Every structure is written in C-alpha cells, then in structure tokens.
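Any read-out appearing in this document is the output of simple, stated calculations on the displayed coordinates, not a laboratory observation. All of these numbers come straight from a predicted model, not from anything done at the bench. In this analysis, Cβ positions are derived from the backbone assuming ideal geometry, glycine residues included, and neighbour counts consider all displayed protein chains.
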Amino acid sequence: MCIRDRRRVHGIYKMLNRILGRNLGFLRRALWDKVQPAEMDSIITFQEKFKEDKDPQKVSLVRGVYRTNEEKPYLFKCVELAEKRMANSHLDKEYLPVDGEQNFVKAAKRLVFGDDFNTEKVATVQTLSGTGAVNLGLNFLYRFLPPETGYYIPDPSWPLHFSIAKEVGLRNIFTYPYYDNKKVALNFDGIKAKLLTLKPKSVVILHACAHNPTGIDPTPVQWKAIIDIVKEKKLLPFLDMAYQGFATGDFDRDASAVRLFAKEDVEMLVAQSFAKNAGLYGERIGALHFLCKSESVVKPILSQLKVMIRTSYSSNPMHGAKIVAQICENKELFEMWKEELKTVSGRIQEMRVQLSQKLGLLKTPGNWDHIRKQIGMFSYTGLTPSQCQKLIDKHHVYLLNNGRISITGINLKNIDYIAKSIHDVVINPQT
Amino acid sequence: MGIQLLRMKSSWDSVALAPPDQIFHLNQLYLEDKSTSKISLVIGAYRDDDGKPYVFKIVRKVEEEMMKDHLNKEYLQMEGDADFRAGAKKLVFGDDPKLLERIVTVQALSGTGALRLGGTFLSYAAPKGAKIYISDPTWPNHMLVFKQSGLTNQAFYPYYDAAKNALNFDGMMGELSKAEPGSIVLLHGCAHNPTGIDPTKEQWKEIVTLCKKKGLIPFIDLAYQGFATGSLENDAFAVRLFVAEGLNIVVAQSFAKNAGLYNERVGAFHVVCPDVEIAKKVFSNIQIDIRGMYSNPPAHGARIIGRILKTPAYFEEWKEELKSVSERIQKMRKLLFDELIALKTPGVWDHILHQIGMFSYTGLTEAQCTWMKEKHHVYLLKSGRASMAGINTKNVKYLANAIHDAVANNPKKQQAP
C-alpha cells in the first residue's frame, strides 16, 4: 500500500473512531502496533556479531567474562566443593526470607566492610547480582529522594548504568568527567570540578575498583580527595563494586575505597556482585548495602527494600547465595577462593604485561603502558572508533567501539595475533 | 533527648517503616509459636504427611546428574535457558509448531517475576491507561506487583459468592461486560488463589467469548499447572481454550509449586502473538526490560526443569510425583471434611471437598480465624484461606476440633437484609 493509500485508510479509521465513539484499536491488534523493534545495548550487539562470524581466527574481547588460557569458562573449585556439600546436606527448597539467605547476607557484609566494622549500621539485602543491586538501589532512591534529584554517572561507564536508570524511570541522569583520553588517564581535575558544582543529596555513582570500561582507578590519595568533596557537598555516593578480589587478587585491597568512605562515616549505597569474583555469573548473586549514620534507620530501609523485592520477584534465588555463604563460612574453602582469585587475576595481569610488551616490540606507535597499568578485566586501549571497526572487519578481533577490550579474551595462543592486528590498525588507518 | 542530639542526622530519617507482608508476617508468628501442636496453613508451600518440606525426588536426581556434568556458570541469555524455554512453552500450549513459533517465551523469576514482566510489557504495549481487571478476592501481591510495573489503573470483578461459597459467575461476567476494549483481565488459569474455586469448562467458554467480543486482553496467571487436578493437560485447559479461539493472551507461569522449586525462582512469561514478525518485535522489547532489571535470570532452577521437560523418562517421573502430591492434598480435604461431619460442626463444608488446588476458602470468619490462632495455635489467613498442604493424617483431627471450637464460640453474624 503506498503512503497516500495508507493515509486514506488511516483517515477513514479515525473517522470511524469518532463516529463510533470508542477505541477501535483492538480491531487493529492494538497490543502489537505500539511495540516497535527495540535496540539492544552495544555489549550484546557486538557479542552477537562475534557469534555469527565464521572466521577461524576470530577473537572476542567483548564480554567481561573470565576465560582460561584454553579459552574455557572457569568453574571455581571452591564453588564446586561448596555445591557438593550442599548436595550432601539435602537442603530443602523452601522460600528464602525476602531479604535473602541470612548467612549469605552476613558474609556479604563482612566481605565489603571488613571483619572489624560495626555492621549494625548497614542495611543489606540479597540481590540479583550487580545489575539487580543497582536496579534496586536506584529504585529506592527514585522513591525516597526528591524528584529533582540529579544522578551522576561517570563518563564513560558500564552502559547498563544508563539502561537501568532509564528502566527505573529516573529523569535527571547526567555524567561527570572521568577519563582523559589524551593522557589515557584519570581526569581527576574534571571529577573534582564537577562534583564541587553538585547540589546536596545528588547521587554520584562511583566504581569502587577496576573501573569499567577504562580500568583506571583513583589512587588512595585521590579517593581521599573525592571523599572530602562528597562530605563537603553532602553528596550521596553509590559505589558499584563488581570486581572485589578480582581486580588485584586481594579482597581487602579492592575494597579499600569503600572502606575509606565507611571510615569517614559517609552514608552511601554499595552494589556488590559475585558474578566475576566467584565465577557465579549465571546464578545472579549479589547484594545491596546501605551504610547509614544511625542504626535506627536500618529497619525502615530494610522494610522498604523488602517491599520492592516482594513486588518485583517475591524473594531471591537460593543456589548462588548458599554457595557464597558456604565458602565464606568455611576457612578451607575461603582460603581456596582467595588462592584461585590470585591465579585468575594473575593471568589477567600477565596478559596485560605481555600485550603491552609485544606492542612495544612491534614498535606500534603510541605509548602502551596503560594496558599494563590499568586494573581489572578491561582495558581502554585508546583505539579510535574507526580503528576498532577495522579491527573487527579486517582482523575479526571484536571489541567495543569505544576501544574497550576485555583482557580475559586474551591468551597465549592468540596474543600475537591480537598484537599484530592492533599494530596494523594503528599504522594503517586507511583500510 | 541528649541521645537524640548525639545521633547524626541521616538522609533516611524520613523513610517510614513499611507494613510487613501479611502472609510472611503471620508465618513468622507461627514460627515463633512455642506450642507443640501448632499448625500452619498459611503459606502455599507443600508439606508431606509428616509436615515436612518436600523436595521432588526427580529434582534431587537431576541435581545430582547436573553436578556430575560439571556445568559451568556462564550467563544465560536475557531470555533464559533454551531447553527450559522450549519445554515450558510446550507444557502450557501443547505441541503445534505453527502455534509455538509465534509465542514469545522468556524465563522469569518464578510466577511473581513473570507477572512483573507481564505488567511492564502491558504498561507500554496495551492502550495507554488501560485498566486491569483483577478478581475479588485474589492473591494480595497481584495489585502491588502491577502497580509497581506501571499498571496503576486497577479495578476488580466479583468472583466469590460468600453465601453459596461458590463462583459468582454472573457478577464476574456482568462487570467484565462493562470493560472498555483493550482492558486487561487477570485470570487464574487453574486452582484460583485464595478461593480454590475455578470456572467450569462451560463457564470458561463463556469467558473466552466475552473477551473476544469485548476486545479484552486476557492475562493468565498459571501457578498450579499439574498441581490442581494432578494432570498437566487438564490444568492447561483454560489457557489452551483462549488460544484455540484465536485470542492473543499473555501468561505468567510458575514452577514453584508444581516442581517444589520455591526458592530457585523458576518461571516463564509468555506472549501469544498474531505472527512471527510481531513475535520478534515483542521479544526484543522484553529482552530490554529484563536487561534493565537484572540482566539475565538465574540458571540453576531453570536447568533442572529444562532437563526434566526434555527427557521423556524424567518427565514421566515428574508427572507421577505431581499426581501423588496433588492426591495427598485431595485426601486431606476428604479427611478434614469427614472429621467436621463427624463432629457435626455447624455449617456446610462441602466446599472443602470441591475446591481445587492448594487452598481452601474455608468460609471461616476473621473472628473464628483469630480464635483458632490464639486458642489452638492454628494459623490461617484472616480471610479464611487455608493451605490444605499443611494438613496431614497426624494433625487433621486436632484441626477439625479447632475449627469446631472456633465456629461454636464465634457464630457468624447474620447479614443485614
């Protein structure tokens, strides 16, 4: 049907609507007409393209999931042992309390805040991994902060921070500078300058360690300065900690920013994920913590969080929570976990060093030190969007078009190919 | 006063203490009750004849097998485990591939998660401001879940005839006849919660005809398939009737009860679409909804169900177990009924026999329920809803006596003319 005919049909339709005085939408399958094809975020899109690529040399550096040197997923031994114990205990499948598996909640609190911290002032609920924690936290803030509250996300950040904020219905979503792309370093002055302009109770999302996508974290001194501004301007920090133990292999070290905030008695939210550090991606296990100035607000906060959970999915899944609880409660399993974390984060570190060295040996123009120095799973290579596109199209090396690579996709078999491919796109900008 | 001054001012001082969920709260009181003869008929969770939680044998078997397979813990797709989705879809809708290919199925966080996804989907896909009609009474969480998902325009249709302890079919049809086209109707696919009263097959046919005539969007909550009558096929009758009559419905499906996987949060949300092209669009939208809520669903429970549904021998074992648990419930209904008759408890108690599924709307008044709790340590909702799963051969006499005592001491007030 040509456009003119369509308009005519639509006009007749509208006239009928007026004449009959009621919505004829249902005759036109109204339920479906309003549904337009939806656009997925870039991580999923790039991963899909990689899946469809038939090239035998293809490499994916897209997704933040750990791979062994043999390109296999890694099942933590402590997780397997914990599962065996669970199977032997013949646990029932009864509903968990709405706020989560209680031993898990205790363990999650201790892991974040340390053994010596007074956790009476912390309201904690189990969540559906980090995404669920951010979603629940933002939902709470949406409900209990004034509607004009501003929400500040670092630029760049994990794309889902924006998707979740949108899903929750937040309107005042802004960014603050984070990354200096000329120096490939933290834009510390930019962060400070922006935070100093914010109104009290503005929500500031911060990555507790292993910033995604840049891999660039503030130093302890820089964190102290940020905390001072947060206190001075009465801002509300929301720390997203998705890589505790995975960044440096050391739980305490990776939680040092969070603990600095806690020591300064700053009220804050912490989203915690066990997807990466326990390899429990698909079991969706995480937690949301509210550190409060006084114990008296903990119960009301918990009660409201429980209502939000109850009206979203009633209660949390048991399996992942029980695994983490078992590991944390058992000295042997906990030590095993720490060892395994050192191994996996060590492999990542090794790949960073080697890639950096190989680019140096190839004499690829530019300084590639940052690949070695950045922290965690990801590296912001500094490659331009067109260089990234060429990396994908010509060499079948997949990464995000902002230059983020997941180091986990690199191994001793493909590292030379990756280095040569990067070298090629840098020295030959034209195709 | 001094202590008040010392306490630091919190950003959260104005956060009010939310009222506890009535069902969980009542169950908590039960848990804290020290009486040795206490009985809980509160939560819709199956118990065996010893009053113990029950894990399906087939579930244990499959879990052991999964352990030996050393499965990894990779992210599922946003839409969930593939085997699970295929199996869950067939379970509800049958085997016709032409039909199945135009049904969007996504894994959800049990029934509640499916309802939430459904509410979210309808909040942007249904006509703007569309009203959702919910039965009076219903599971209390329905209203809250839909409100949170954006379906804030809510109305109720009569469902329960208290005097006859039966379905108020005329009332229901009368109210739904007044609905605007594009309105959503929430229906319980089988084993209505809390009443246990379902429409007959003939009545379902009339409901379907009405929905077609009025252009209503049926939203079916299927939380007890296989658990209601013991037959998965029978319990899917209503859903399949809607689809056979050409209606494009949405369905929230739970495996909490029928596979005893309460805490693994296994469910699915289905959208029956007019064609494959529309199904693709709908699917992509729901994927985004999921991504923004929790990225992707938990794997463990879905993998268990996926395996059961795709392995014929396991599927048969599951069906057998389902039959036996639903038969135990039916036996308990009969035992309780017999006891009340033997005690000559005032009132008519046939409804206990005829109601379907886990719950019975006993007809007990709030005063009678309170009496039972305080004098006999028997816990049930103040609406009179009792979970029959909490009854067993060891406690049924005690229960019957408690009911008898409550009724004798708290006669029902006569309705004002």
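With chain B treated as a Gaussian network of Cα nodes joined by springs under 10 Å, which of B:His142, B:His404, B:His70 yields the largest mean-square fluctuation? Per the Cα network of chain B with a 10 Å cutoff, B:His70 tops the list. For trypsin sites (Lys or Arg not before Pro), the sites in segment B:70-165 that DSSP calls loop and that have at most 14 other Cβ atoms within 10 Å are B:Lys128, B:Lys164. Summarising the amide proton neighbourhood of A:Leu128: residues at separation of 5 or more, or on other chains, whose placed amide H is nearer than 5 Å comprise A:Ala133. Here chain B carries DSSP beta bridges of which approximately 50% are antiparallel, counting only pairs with both residues inside. Geometric descriptor of segment B:273-405, per residue, is 200 Å³ (volume of the convex hull of the Cα atoms). Among the lysines, which fall within straight-line cross-link reach of A:Lys77, defined as a Cα-Cα distance under 16 Å, with same-chain neighbours fewer than 8 residues apart omitted? By straight Cα distance, A:Lys77 reaches A:Lys276, A:Lys322, A:Lys331, A:Lys338, A:Lys342, B:Lys68, B:Lys73.
On the principal axes of its alpha carbon atoms, segment B:53-143 extends 51, 38, 27 Å, with the longest extent given first.
Here the protein assembly as shown carries DSSP beta bridges of which approximately 50% are antiparallel, counting only pairs with both residues inside. Across peptide B:46-55, the average count of Cβ atoms from other chains found within 10 Å of a residue's Cβ is 1.
By definition, a body whose alpha carbon gyration tensor gives a ≥ b ≥ c is oblate when a/c is 1.5 or more and a/b is not larger than b/c, and segment A:196-330 fits this oblate description. Each Lys and Arg contributes +1 and each Asp and Glu -1, all at the Cβ; summed about the Cα centre of the protein assembly as shown, the dipole is approximately 1840 debye. Cross-link partners of B:Lys131 among lysines, defined as those whose alpha carbon lies under 19 angstrom from its own and excluding same-chain residues fewer than eight positions apart: A:Lys34, B:Lys147, B:Lys178, B:Lys212, B:Lys213, B:Lys214.
With q set to 0.10, 0.19, 0.20 Å⁻¹, the log10 of I(q)/I(0) for segment B:160-290, from the Debye formula over equal scatterers at the Cα positions, is -0.36, -1.19, -1.28. Kirkwood-type hydrodynamic radius, segment A:302-431: 17.6 Å, calculated from all non-identical alpha-carbon pairs. Among A:51-63, A:308-320, B:41-53, the peptide with the highest mean count of other Cβ atoms within 10 Å heads the list, and the full ranking is A:308-320, B:41-53, A:51-63. Considering only B:Ala16, B:Ala86, B:Ala252, give the residue with the highest GNM mean-square fluctuation for chain B, with springs between Cα atoms whenever their separation is below 10 Å. Residue with maximal mean-square fluctuation among B:Ala16, B:Ala86, B:Ala252: B:Ala16. Taking A:Val168, A:Val221, A:Val98 as the candidate residues, the one with maximal mean-square fluctuation in a Gaussian network model of chain A, Cα springs under 10 Å, is A:Val221. Computed 3J(HN,Hα) for segment A:243-250, one whole-Hz value per residue from the Karplus formula 6.51 cos²θ - 1.76 cosθ + 1.60 where θ = phi - 60°, is 10, 4, x, 8, 5, 10, x, 10, glycine and proline marked x. 3J(HN,Hα) along segment B:376-385, derived from phi through the Karplus expression 6.51 cos²θ - 1.76 cosθ + 1.60 where θ = phi - 60°, amounts to 10, 6, 10, 10, 8, 5, 5, 7, x, 6 Hz, with x in place of Gly and Pro. By the equivalent-ellipsoid construction on the alpha carbon gyration tensor, segment A:256-298 comes out with semi-axes of 25, 13, 5 Å, ordered largest to smallest.
Rounded to the nearest 5, the antiparallel percentage of DSSP beta bridges internal to segment B:216-302 is 55%. Working value for segment A:84-217: equivalent-ellipsoid semi-axes of 33, 19, 15 Å, each the square root of 5 times a Cα gyration tensor eigenvalue, largest first. Peptide B:13-22 is shielded by partner chain Cβ atoms: per residue, an average of 6 of them sit within 10 Å of its Cβ.
Using bins 10 angstrom wide from zero, how does P(r) for segment B:138-222 break down, in % of all Cα pairs? Pair shares across the bins are 16, 52, 30, 2. Normalised by residue count, segment A:300-379 yields a Cα convex hull volume of 171 Å³ per residue. By the gyration tensor of its Cα atoms, with a ≥ b ≥ c the square roots of the eigenvalues, what is the shape of segment A:151-222: rounded for a/c under 1.5, prolate for a/b over b/c, or oblate? Oblate shape, in that a/c is at least 1.5 and b/c is the bigger or equal ratio.
Counting only DSSP H runs of at least 4 residues, each contributing -39500 (n - 2.57), and dividing by the residue count of chain B, the helix-based mean residue ellipticity at 222 nm comes to -14500 deg cm²/dmol. Applying both filters, DSSP loop and at most 12 other Cβ atoms within 10 Å, to the GluC sites (Glu not before Pro) of segment B:312-417 eliminates every site.
Above 16 Å, the calculated P(r) of segment B:222-303 contains 62 percent of its Cα-Cα pairs.
The protein assembly as shown has equivalent-ellipsoid semi-axes of 48, 32, 27 Å, by the square roots of 5 times the alpha carbon gyration tensor eigenvalues, sorted largest first. For segment B:313-417, state which trypsin sites (Lys or Arg not before Pro) are in a DSSP loop and have at most 12 other beta carbons lying within 10 Å of their beta carbon. Here the sparse-neighbourhood loop sites are B:Lys344, B:Lys394, B:Lys413.
Assuming a ≥ b ≥ c are the square roots of the Cα gyration tensor eigenvalues, decide whether segment A:195-265 counts as rounded (a/c under 1.5), prolate (otherwise, with a/b larger than b/c) or oblate. In terms of gyration-tensor shape, prolate. Inter-chain neighbour count for B:281-293: the average number of beta-carbon atoms from partner chains within 10 Å of each residue's beta-carbon is 6.
Counting Lys and Arg as +1 and Asp and Glu as -1 over every other residue whose Cβ lies under 14 Å from the Cβ of A:Leu145, the net charge comes to +2. Summarising the amide proton neighbourhood of B:Val378: residues at separation of 5 or more, or on other chains, whose placed amide H is nearer than 5 Å comprise B:Ile39, B:Lys373. For B:Phe359, the residues whose amide H sits under 5 Å from its own are B:Met388, ignoring neighbours fewer than 5 places away on the same chain, with H placed 1.01 Å from N. The angle between the Cα long axis of helix B:312-343 and the main principal axis of chain B comes to about 20°, on a 0 to 90 degree scale. Other residues within the sphere of radius under 15 Å centred on the Cβ of A:Val258, judged by their own Cβ, net out at -3 (K and R +1, D and E -1).
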